[in-house]
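This report refers to the structure that appears directly beneath it.
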Amino acid sequence: MSATSSPPQPIASPEAAIAALKCDDNQIRYYAAWWLGKHQVKSAYPALCEALEDEDYRTAQGGYPLRRQAARALGQLKASEAVEALVEALACEGDPQLKEAAIQALGAIADPRAVTPLVALLDRGGEQPYEALIEALASLQVWSVSERIETFLSHPSERVQCAAARYLFLKTKDSHYLQRIIANLDHENPYLRWAAAFDLGAIAHVEAAQAIVEAKVANSLKLLNLKRILEAALKHSPEDPEAMASHRQKCRVLMKAIDNLLIQV
């Protein structure tokens, strides 16, 4: 989008947004794709899949902004009908951001048809968006590649290391991996603290709640991820009476922490 162009006019309906995907203004088309994802317009998936093949909106570096936003929107829609189109988007080697957006969308949709192409991407090696790829494999519960994922615990990128720890914790429930993520809540890099909070919210393990409360991140970020943990905890209560009592107590503590943060926001 041009920094000097006017902002797009508000879109009034799903039909208007779908139609806008085919207009001549690339800024409006991009905004329409964003709008359709944000508003969960399920009927938009055919038009968004078509946008994944767009050739008209391309940056000087060779990237495809509309394709990227269409992929993100399809992930928000969790449109299983889009899996084949998203898998085809993985082949676009000239736009790493598009590949990452397609991987994230496939992880969000969590359709088994994505397993083979994602594992093939992992096996291919080279320059890949490994953070997104490992997180998608965890979402799809592809535990057969766990030995390969372990090697990423020593990857140069700390974000990739955290993605590997997140995958391995979800597979093994070994608290060692959870602690690796919690440790990043004290990292000097604020982005890594922020990312660790989201990782812990995605894992939704109640034991991580206090670490999030004490982290040096914004209260709004704490609230978002504590709510994710609480929602998961309330859905998955243990059946054993003694464990259930302990679980309920932890949930009460978590709710109190959320209440305290709401007062401060």
Might you let me know whether segment 25-36 holds any residue that is touching a Gly at 6+ places or on another chain (Cβ under 8 Å), at pLDDT 95 or above and on the phi < 0 side of the Ramachandran plot?
no
Would you mind telling me which numbered condition in (1) modelled with pLDDT under 95; (2) in contact with a Gly (Cβ under 9 Å, 6 or more places away or on another chain) Gln104 fails?
(1)
Go through segment 247-265 and report how many residues are exposed (fewer than 11 other Cβ atoms within 10 Å of the Cβ) and free of Cβ contacts under 8 Å to residues at least 24 places away in the same chain.
5
Out of the residues in segment 162-194 that are among the basic types (Lys, Arg) and touching a residue at least 12 places away in the same chain (Cβ under 8 Å), state the one that is surrounded by the most Cβ atoms within 10 Å (Cβ to Cβ).
Arg166
When (1) open to solvent by 50 Å² or more (accessible area, probe 1.4 Å); (2) within 22 Å of Leu140 (Cα to Cα); (3) in contact with a Leu (Cβ under 6 Å, 6 or more places away or on another chain); (4) not basic (Lys, Arg) are applied to Tyr30, the one that fails is (2)
Might you check whether a residue that is open to solvent by less than 90 Å² (accessible area, probe 1.4 Å), touching a residue at least 12 places away in the same chain (Cβ under 8 Å) and under 19 Å from Asp174 (Cβ atoms) occurs anywhere in segment 216-231?
yes
Within segment 147-179, the residues that are part of a helix (DSSP H, G or I) and among the small types (Gly, Ala, Ser) are Ser154, Ala163, Ala164, Ala165, Ser175
Single condition Pro238 does not satisfy, out of (1) more than 19 Å from Gln141 (Cα to Cα); (2) part of a helix (DSSP H, G or I); (3) at pLDDT below 90
(2)
By residue number, the members of segment 48-84 that are part of a loop (DSSP other than H, G, I, E, B), open to solvent by 50 Å² or more (accessible area, probe 1.4 Å) and over 13 Å from Arg29 (Cα atoms) are Glu53, Ala60, Gln61, Lys78
Where a residue in segment 150-161 is under 15 Å from Glu135 (Cα atoms) and its partner, wherever it lies, is among the small types (Gly, Ala, Ser) and modelled with pLDDT of 95 or more, with Cβ under 6 Å and at least six apart:
Phe152/Ala164; Leu153/Ala164
Pairs, please: C-beta under 6 Å, at least 6 apart or cross-chain, first residue open to solvent by 40 Å² or more (accessible area, probe 1.4 Å) and in segment 104-120, second assigned to a helix (DSSP H, G or I) and β-branched (Val, Ile, Thr)?
Arg113/Val83
Against the definition (open to solvent by 40 Å² or more (accessible area, probe 1.4 Å) and in contact with a helix residue (DSSP H, G or I) (Cβ under 6 Å, 6 or more places away or on another chain)), how does Glu131 come out, yes or no?
yes
Picking from Ser139, Ser144, Ser175, Ser157, the residue that is more than 24 Å from Ala105 (Cα to Cα), out of contact with any strand residue (DSSP E or B) (no Cβ under 8 Å at 6 or more places or on another chain) and of a type in the set (S, T, N, Q) would be Ser175
Residue satisfying condition, being modelled with pLDDT under 95, more than 17 Å from the chain's Cα centre (by Cα) and closer than 22 Å to Ala132 by Cα, within set Glu93, Glu84, Glu55, Glu88
Glu93
Residues of segment 195-220 being farther than 18 Å from Tyr167 by Cα and in a helix (DSSP H, G or I), in sequence order, are Ala209, Gln210, Ala211, Ile212, Val213, Glu214, Asn219, Ser220
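The values are calculated or read from the model by the stated rules, or taken from the named source; none is laboratory data. Bear in mind the structure is a predicted one, so any value in this text is a computation, not a measurement. All Cβ positions, glycine included, derive from the backbone under ideal geometry; neighbour counts span all protein chains shown. Surface accessibility is based on the protein's heavy atoms, side chains included, excluding ligands, DNA and RNA. Shrake-Rupley method; radii C 1.70, N 1.55, O 1.52, S 1.80 Å.
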